[in-house]
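Reading through the structure tokens given below for one structure.
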């Protein structure tokens with residue numbers, strides 16, 4: 001019997017450690033997942049009287065009936081879609097100088113409309129390039145000495161594109177919302 005006792009000590013210690021660690025985890029889980037204790041009403045009244053405790057009103061929750069409404073709401077949110085012309089615009093100005101522009105377009109529409117609009121713009125790319133180049137060739141060179149020329153050009157090119165695509169000016173939600181000049185070189 002004396003020979004069996006040393007062999008039982010290691011399993012007994014291991015079992016005791018495992019049970020102890022498990023008990024600590026169990027107690028921690030129970031204490032962290034139990035509901036908070038009730039607050040003291042007298043203390044709450046004092047805090048409200050001093051203005052340190054304010055009653056928060058619950059936020060109104062939107063009621064969504066089913067997945068179709070959730071999908072409809074998600075699809076109706078405006079999203080930003082960009083279109084970049086792959087080839088820079090290079091044209092002569094009225095005075096013979098040359099201008100090179102790299103442009104990107106932004107549309108802000110519901111996601112299903114935005115994708116179809118970008119496809120439309122991509123399909124009209126040659127015509128839009130022609131319209132933009134025709135507009136740029138009418139801009140006098142002395143106008144480029146003005147500090148706000150980039151913003152003015154962006155707005156005028158946006159209006160040219162929207163006019164060609166027969167989009168009535170508005171809040172920019174139905175057509176090209178903005179034009180970005182990524183690079184402008186005058187020579």
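The values are calculated or read from the model by the stated rules, or taken from the named source; none is laboratory data. Keep in mind that this is a model prediction, so the values were computed, not measured. Neighbour counts are summed over all protein chains in view; Cβ atoms, including those assigned to glycine, are modelled from backbone coordinates with ideal geometry.
Checking the stated criteria, residue 115 turns out not to satisfy the condition of being within 16 Å of residue 184 (Cβ to Cβ) and without any contact (Cβ under 8 Å) to a residue 60 or more places away in the chain. Taking the range 64-76, which residues are outside any loop (DSSP other than H, G, I, E, B) and either out of contact with any strand residue (DSSP E or B) (no Cβ under 7 Å at 6 or more places or on another chain) or modelled with pLDDT of 85 or more (or both)? Within the range 64-76, 67, 68, 69, 70, 71, 72, 73, 74 meet the criteria. Is it fair to say residue 38 is exposed (fewer than 12 other Cβ atoms within 10 Å of the Cβ), over 39 Å from the mean Cα position of the chain (by Cα) and at pLDDT below 70? It is true that residue 38 is exposed (fewer than 12 other Cβ atoms within 10 Å of the Cβ), over 39 Å from the mean Cα position of the chain (by Cα) and at pLDDT below 70. Quick check: is even one residue across the range 77-85 surrounded by 10 or more Cβ atoms within 10 Å (Cβ to Cβ), part of a helix (DSSP H, G or I) and modelled with pLDDT of 80 or more? Within the range 77-85, not a single residue is surrounded by 10 or more Cβ atoms within 10 Å (Cβ to Cβ), part of a helix (DSSP H, G or I) and modelled with pLDDT of 80 or more.
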